[in-house]
1. Assess whether Trp145 counts as being on the phi < 0 side of the Ramachandran plot, surrounded by 14 or more Cβ atoms within 10 Å (Cβ to Cβ) and out of contact with any Phe, Trp or Tyr (no Cβ under 6 Å at 6 or more places or on another chain).
2. Looking at Arg149, is it out of contact with any helix residue (DSSP H, G or I) (no Cβ under 9 Å at 6 or more places or on another chain) and touching a residue at least 60 places away in the same chain (Cβ under 8 Å)?
3. What pairs come out if I take residues in region 159-180 that are at positive phi and pair them with residues that are part of a loop (DSSP other than H, G, I, E, B) whose C-beta lies under 9 Å away, six or more apart or interchain?
4. Which one of the conditions (1) closer than 22 Å to Gly28 by Cβ; (2) not in a loop (DSSP other than H, G, I, E, B) does Leu139 fail to meet, given that it meets all the rest?
5. Of the conditions (1) charged (D, E, K, R); (2) closer than 30 Å to Trp187 by Cα; (3) in contact (Cβ under 8 Å) with a residue 24 or more places away in the chain; (4) surrounded by fewer than 13 Cβ atoms within 10 Å (Cβ to Cβ), Lys78 satisfies every one except a single condition; which number is it?
6. For region 99-120, which positions are hydrophobic (A, V, I, L, M, F, W, C), modelled with pLDDT of 95 or more and either under 14 Å from Pro58 (Cα atoms) or part of a helix (DSSP H, G or I) (or both)?
7. Report, by residue number, each residue of region 81-98 that is surrounded by fewer than 17 Cβ atoms within 10 Å (Cβ to Cβ) and in contact with a Pro (Cβ under 9 Å, 6 or more places away or on another chain).
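The values are calculated or read from the model by the stated rules, or taken from the named source; none is laboratory data. Predicted model, so just to flag it, every value in this text is computed and none were measured. All Cβ positions, even for glycine, are placed from backbone atoms using ideal geometry, and neighbour counts span all protein chains on display.
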Amino acid sequence: MPLTFDDLLARARSLRREGGRALLGIAGSPGAGKTTLAEHLVRELNADAVVPWAAHVPMDGFHLADAELVRLGRRDRKGAPDTFDAAGYAALLRRLRADTPDEVVYAPGFERVLEQPLAGAVPVDPTARLVVTEGNYLLLDGGAWPRVRALLDEVWFCAPDDEEERVRRLIARHEEFGKPHAEAVAWVRRSDEPNARLVAAGRGRADLVVPGSALPRLRRD
């Protein structure tokens, strides 16, 4: 039977366990639908709950700030694995897994218009029993990234059915946040697509591959 979004919801629910907090990772190439899937999962999981028990924590808050990227000479490669604080991300996941009673954990967010991280923008309440985190490099096997994978109960890999459509969505997203069309196309070719090839190499390390056909609702939103 083909995988459906309801199957994904059931699998996410099954990760909830007594006596601790579960962490679900969603990986995939830029524009693959990771954020949309995470947001829909969390919204549906919380829909009938008296107290919300699922939370969304994006990896994007661990982008290095532009000033630091300029200092390191990496500004023109923003979005590559070494333009994130992977060790800091792993430290946050470790803190979330520790599940200290009555403690709100604040994660950084990412402001798309400014293209800058924002400290303390994402609160995770003690009631959160499942944290859904998403990002490109959850399955990368170099640098500090394996620390991330070790802290996640499962990692799912988003695999769109139509790669050309993924690239079109990615270009449109860059345009939405201020890049002229030609600049958006150039950035995708120079930066996003080499990163996508790195991400795709980790597909075999995922616990579940999520095809685009499992996400019909996401494509309409």
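1. no
2. No; evaluated as a whole, the condition is false for this residue.
3. From residues that are at positive phi, the pairs are Gly178/Val113; Gly178/Glu115.
4. With respect to (1) closer than 22 Å to Gly28 by Cβ; (2) not in a loop (DSSP other than H, G, I, E, B), Leu139 is out only on (2).
5. Condition (4) is where Lys78 drops out.
6. Hits for region 99-120 are Val105, Ala107.
7. The answer is Gly88, and nothing else.
Matching residues to (1) under 19 Å from Leu198 (Cβ atoms); (2) among the acidic types (Asp, Glu); (3) in a helix (DSSP H, G or I):
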{"position": "Gly31", "(1), (2), (3)": "yes, no, no"}
{"position": "Glu39", "(1), (2), (3)": "no, yes, yes"}
{"position": "Glu44", "(1), (2), (3)": "no, yes, yes"}
{"position": "Asp60", "(1), (2), (3)": "yes, yes, yes"}
{"position": "Gly88", "(1), (2), (3)": "no, no, yes"}
{"position": "Leu93", "(1), (2), (3)": "no, no, yes"}
